[in-house]
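**Q** This is the structure I want to talk about, given as structure tokens.
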Amino acid sequence: MALTYNYPDSTGHFGIFGGTYMAETLIPAVAELSRQYLRYRDDPEFKAEFAYELKHYVGRPSPVYHARRLSDDLGGAQIYLKREDLNHTGAHKINNAIGQALLAKRMGKKRVIAETGAGMHGVATATVAARFGMECVVYMGAEDIQRQAANVFRMKLLGATVVPVESGSKTLKDACNEAIRDWVTNVESTFYIFGTAAGPHPYPMMVRDFQCVIGNEAKLQMPEMIGRQPDAVIACVGGGSNAIGLFYPYIEEKNVQIIGVEAGGHGIASGKHAAPLTANAKVGVLHGNKVYLIQDENGQIIETHSISAGLDYPGVGPEHCLLKDMGRAQYVAINDDEALAAFDALCRFEGIIPALESSHALAHAMKIAPTMSKDKVLLVNLSGRGDKDMNTVAKLKGITL
Amino acid sequence: MSRIQVTFAKLKQQRRKALIPFITAGDPSQQLTVPLLHALVEAGADVLELGVPFSDPMADGPTIQRASERALKHGMSLRGVLEMVAEFRKQDATTPVVLMGYGNPIEAMGWETFARRCAEVGVDGVLTVDFPPEESHDAFEHLQAHGIDPIFLLAPTTNDARIQQVAKLARGYVYYVSLKGVTGAGHLDLDAIAQKIPQLRKHISLPIGVGFGIRDAATALAVAKLCDGVVVGSRIVQEIENSTEQNVVANVGKLVKELRLAVDQA
């Protein structure tokens with residue numbers, strides 16, 4: 001495996017997945033982005049600045065925490081949490097936003113745009129735009145603006161313009177469509193800070209590379225804490241950026257099981273979910289890449305459902321599609337109610353309020369831990385904190401804030 | 001010679017420019033699409049671009065987005081669009097029909113089935129907005145095998161190397177996107193088009209149609225002077241949106257007649 005796993009290829013394909021499915025106007029822009037990224041990726045000065053920002057601005061490395069009380073209660077495998085929730089802005093999204101902003105700066109772009117679902121990537125982009133003195137416009141589905149009002153206010157405080165998207169399902173995919181329309185119109189002045197490891201090449205590779213700091217740190221931290229690597233690494237998968245950031249450095253660690261957790265919504269059988277890999281969705285093309293895609297028999301994209309806005313997306317990054325087909329990673333789904341139960345458990349047992357997205361990963365760990373012996377170790381990526389979800393959770397519990 | 005070749009050859013002989021209107025199949029209703037296509041031809045259309053609605057039309061502005069939403073609400077599918085072309089062909093054997101849309105509905109059907117059906121029903125060309133030459137191997141192979149022309153986009157951002165790449169693959173005509181933006185945008189720059197067309201002509205021997213942002217007789221005339229054909233989409237779709245089921249065919253016919261008169265002055 002060490003010798004064979006080398007993706008994407010030079011044209012941005014992960015096997016049959018990925019690629020550059022974009023309108024002609026944007027093709028030169030993504031080609032230029034590829035050139036610039038490849039130029040700076042190994043540039044010592046770029047790497048040093050990225051590392052500096054991650055350390056001093058984001059607060060990395062993020063710790064690994066042994067959730068001892070929760071593990072004891074479950075009575076099986078030990079659950080460890082990679083604490084991305086402790087990053088500045090409260091999620092893993094900032095790792096990628098910093099990386100892309102540093103690239104935008106070198107490319108002379110003064111205006112950045114972003115799509116956002118839960119608002120965490122929007123907040124991260126607004127944050128780095130303020131940090132580097134760039135104009136920032138964030139596209140967000142009108143439905144998500146309702147669900148994530150606090151994050152909308154945060155972005156505005158940071159000086160960003162938040163544009164509500166009223167088309168289609170009014171969620172993340174529609175925000176992507178609108179950001180692409182902005183980019184095609186302002187292609188020369190604007191850098192599109194894409195939030196997940198999907199989209200046209202080079203985004204899946206570039207976002208993965210910036211997020212790999214998660215897995216690279218974990219690979220050093222776990223031996224310090226337990227004298228070895230964990231038995232499994234577990235992360236939630238919407239587009240899949242926090243997951244690929246944790247998984248990628250572990251791909252060649254054959255003894256480590258890799259588990260991606262999709263949003264099962266009301267259950268796969270109900271059809272109201274956002275789990276293309278688990279539900280065996282057909283391969284399709286959306287937002288610049290070929291991936292497993294939730295669609296009807298006519299190739300129209302179907303509205304997805306998840307309790308967590310950040311996972312409410314019909315596609316998934318191309319590298320996850322490949323890892324599934326290769327059998328290197330396993331993908332499962334966790335339903336809304338299971339994610340909520342995990343959310344509650346982490347609050348009560350560990351004093352940590354997780355994001356609803358991350359609660360999906362945790363829920364799967366809680367599901368399998370009791371079936372495993374006490375000397376087994378599960379490392380869960382706690383990709384974000386749950387402050388943004390107060391309204392959603394309160395509403396579900398019938399409480400008015 | 002294909003219908004597209006015959007059409008452009010005849011226009012060249014007559015020293016006229018092509019008028020290429022666009023409508024979305026299934027908008028305002030499935031029953032009205034074929035009558036609208038005939039009305040477009042009667043009003044002077046040379047080539048018809050028929051939009052295949054898609055749930056996520058990333059390259060389109062609000063007008064065509066709404067048309068796609070209306071069409072999908074009425075149950076329009078790629079299968080249905082192909083049937084409409086078959087219906088249209090019963091009365092019109094000569095006007096070229098080009099399907100325009102996004103790749104996923106075709107991926108879902110399969111390129112081989114799609115290309116075969118296109119040939120059966122009388123589709124002449126296919127333009128897939130989000131499939132650039134780099135990702136068009138499958139598409140190209142199957143379309144070619146069934147004699148369907150792959151129509152490619154060129155843009156203000158397209159450089160010489162890419163123009164040459166498109167020149168190798170394109171058949172029928174090429175579609176030059178007049179501006180950086182989405183369909184129906186309001187910032188047409190005639191000087192920029194005038195500068196770009198000679199650069200395209202250096203490598204492209206096919207006719208060049210220009211579209212995006214052409215919204216009245218005056219802009220249609222100005223653009224027609226610079227190229228071989230004028231594509232008008234959002235303006236016609238807007239007329240459909242603002243009409244009733246009773247007067248839509250007449251209104252669209254009247255608008256296209258005005259555009260025809262303008263283009264013929266070029």
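**Q** If I model a spin label as a point 7 Å beyond the Cα along the Cα-Cβ vector, how far apart are those points for A:LYS47 and A:LYS374 in nm?
**A** The answer from the label model is 4.4 nm.
**Q** Calculate, for B:ALA266 and A:SER189, the FRET efficiency according to 1/(1 + (r/R0)^6) with r their C-beta to C-beta distance and R0 35 Å; round to the nearest 0.05.
**A** The calculated FRET efficiency here is 0.55.
**Q** Within chain A, which whole H helices from DSSP have a Cα span along their axis of at least 15 Å and a mean Kyte-Doolittle hydropathy of -0.5 or more, if any?
**A** Answer set is A:27-41, A:93-106, A:120-132, A:172-185, A:213-226, A:336-350, A:356-368.
**Q** Label-point separation (nm) for A:ASN255 and A:LEU157, each offset 7 Å from Cα along Cα-to-Cβ?
**A** Placing both labels 7 Å along Cα→Cβ, they lie 4.6 nm apart.
**Q** Just the number: Rg to Rh for region A:149-303, Cα atoms, Kirkwood Rh, two decimals.
**A** Rg/Rh for region A:149-303 comes to 1.01.
**Q** Report the B-A buried area as the accessible area lost on both sides summed, probe 1.4 Å, in Å² to the nearest 100.
**A** Approximately 2800 Å² gets buried when B meets A.
**Q** In whole angstrom, note down how far apart the Cα centers of region A:158-224 and region A:236-288 are.
**A** 17 Å
**Q** Between region B:1-73 and region A:349-401, what's the alpha-carbon centroid distance in Å?
**A** Taking the Cα centre of region A:349-401 as reference, the centre of region B:1-73 is 51 Å away.
**Q** For region B:3-264, what % of the accessible area comes from carbon and sulfur atoms, probe 1.4 Å?
**A** That fraction is 49 percent.
**Q** Out of the GluC sites (Glu not before Pro) in region A:174-259, which ones are loop residues according to DSSP with at most 12 other C-beta atoms within 10 Å?
**A** Listed in order of number, the matching sites are A:GLU188.
**Q** Let me check I have the definition right: for the protein assembly as shown, take the eigenvalues of the Cα gyration tensor, multiply each by 5, take square roots. What are those semi-axes in whole Å, largest first?
**A** Taking √(5λ) for each eigenvalue gives 48, 25, 22 Å, largest first.
**Q** Hey, another quick one. Just the accessible area per residue of chain A, please: how many Å² with a 1.4 Å probe?
**A** Heavy-atom SASA per residue in chain A reads 35 Å².
**Q** Return the calculated 222 nm mean residue ellipticity for chain A, to the nearest 500 deg cm²/dmol, obtained by summing -39500 (n - 2.57) across DSSP H runs with n ≥ 4 and dividing by the residue count.
**A** -12000 deg cm²/dmol
**Q** Using Cα pairs closer than 8 Å and at least 6 residues apart in sequence, work out the relative contact order for chain B, in percent.
**A** With pairs under 8 Å counted, the relative contact order is 24 percent.
**Q** For chain A, with a Gaussian network of springs between Cα atoms less than 10 Å apart, report the residue from A:GLY386, A:GLY260, A:GLY351 with the top mean-square fluctuation.
**A** A:GLY351
**Q** Taking Cα pairs under 8 Å and at least six residues apart, what relative contact order does region A:213-314 come out at, in percent?
**A** About 22 percent, as a whole number.
**Q** Separate question: What residues in region B:25-67 lose 20 Å² or more of accessible surface when the other protein chains are added to their chain alone (1.4 Å probe)?
**A** B:PHE54, B:SER55, B:ASP56, B:MET58, B:GLN65
**Q** What does DSSP give for chain A in terms of the percent of beta bridges that are antiparallel, rounded to the nearest 5?
**A** 30 percent
**Q** Expressed as a rounded percentage, what relative contact order does chain A have, with Cα pairs under 8 Å and six or more residues apart?
**A** In percent, rounded to a whole number, it is 21.
**Q** Can you list the residues, at least 5 places off or on another chain, whose amide H is less than 5 Å from the amide H of A:THR20, using H built in the peptide plane?
**A** Here A:HIS201 satisfy the definition.
**Q** Here's a follow-up. Using 7 Å Cα-to-Cβ label points, what is the A:ARG131/B:GLU241 separation (nm, one decimal)?
**A** 4.0 nm
**Q** Oh, and also: Contour minus end-to-end for B:GLN91 and B:GLN144, with contour as 0.36 nm per residue of separation and end-to-end as the Cα-Cα distance?
**A** 16.5 nm
The values are calculated or read from the model by the stated rules, or taken from the named source; none is laboratory data. Just so you know, these numbers come straight off a predicted model, no measurement behind them. Every residue, glycine among them, receives a Cβ derived from its backbone with ideal geometry; neighbour counts consider all protein chains shown. We work out accessible area using only protein heavy atoms, side chains counted, and drop any ligands, DNA or RNA first. Shrake-Rupley method; radii C 1.70, N 1.55, O 1.52, S 1.80 Å.
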